[in-house]
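Heads up: the structure comes next, in structure tokens.
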Amino acid sequence: MLVDTSTDFGSRVARRLREEIVAWLVTVGRDGTPVPVPVWFLWDGDDELLIYSKPDTPKLRNIARNPRVAVHLDGNGRGGDIVILTGDARLTDDPPAPEVPEYVEKYEPRIAELGWTADSFAKDYSVALRVKADRVRGH
């Protein structure tokens with residue numbers, strides 16, 4: 001397991017990965033520039049994050065060229081409560097978002113606020129990808 005929940009830091013990381021709504025997925029652009037984008041995600045409780053994307057986006061092109069990514073959670077606004085995961089991203093054949101009950105439970109209120117249904121969200125964000133994290137750091 002990537003996150004050691006027996007430590008204060010690991011326990012906080014696990015809670016935040018379960019509860020945070022937005023993370024920053026950082027891919028590497030063609031010229032080597034880091035490219036951060038906000039994403040919704042679902043943590044599997046171990047070492048993977050499930051993310052849905054619109055097709056034909058820069059982040060997908062960047063991942064196709066270089067699968068190394070970072071995922072950052074927002075800090076507390078004062079330089080603390082930092083959580084950063086690094087790992088490899090890949091496209092997957094995960095089912096559409098409406099068929100993942102945990103994803104629907106986490107994001108249904110936001111999907112409705114933005115005028116989507118679970119099905120219309122899945123139509124727009126039809127590409128499933130996973131980040132397999134190999135390192136977690138922060139403070």
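At-a-glance table
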| item | result |
| --- | --- |
| Euclidean distance between Cα centres, region 1-25 to region 65-99, Å | 12 |
| Placed amide H near THR57: partners under 5 Å, 5+ positions off or other chain | none |
| Residue-normalised accessible area of region 74-139, given per residue in Å² at a 1.4 Å probe | 59 |
| Relative contact order [Cα under 8 Å, 6+ residues apart], region 1-80, whole percent | 32 |
| Those trypsin sites (Lys or Arg not before Pro) in region 1-54 that DSSP places in a loop and that have at most 14 other beta carbons within 10 Å | ARG30 |
| Given charges at beta-carbon only (K, R positive; D, E negative), |dipole| of the chain in Debye | 620 |
| Label-to-label distance, nm, for residues given as VAL104 and ASP46 (7 Å Cα→Cβ offset) | 2.4 |
| For the chain: relative contact order, % (alpha-carbon pairs under 8 angstrom, 6 or more apart) | 28 |
| Under 18 Å from the ARG65 label point (7 Å along Cα→beta-carbon), backbone N, region 17-44 | 25-37 |
| Selection from VAL28, LEU114, PRO98 lying farthest towards where the dipole of the chain points positive, charges on Cβ | VAL28 |
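The values are calculated or read from the model by the stated rules, or taken from the named source; none is laboratory data. On a predicted model such as this, the values are computed, not experimentally measured, just so you know. For neighbour counting, all protein chains shown are included, and Cβ atoms are generated from backbone atoms with ideal geometry for every residue, glycine included. Accessible surface areas use protein heavy atoms only, side chains included; no ligands, DNA or RNA. Shrake-Rupley method; radii C 1.70, N 1.55, O 1.52, S 1.80 Å.
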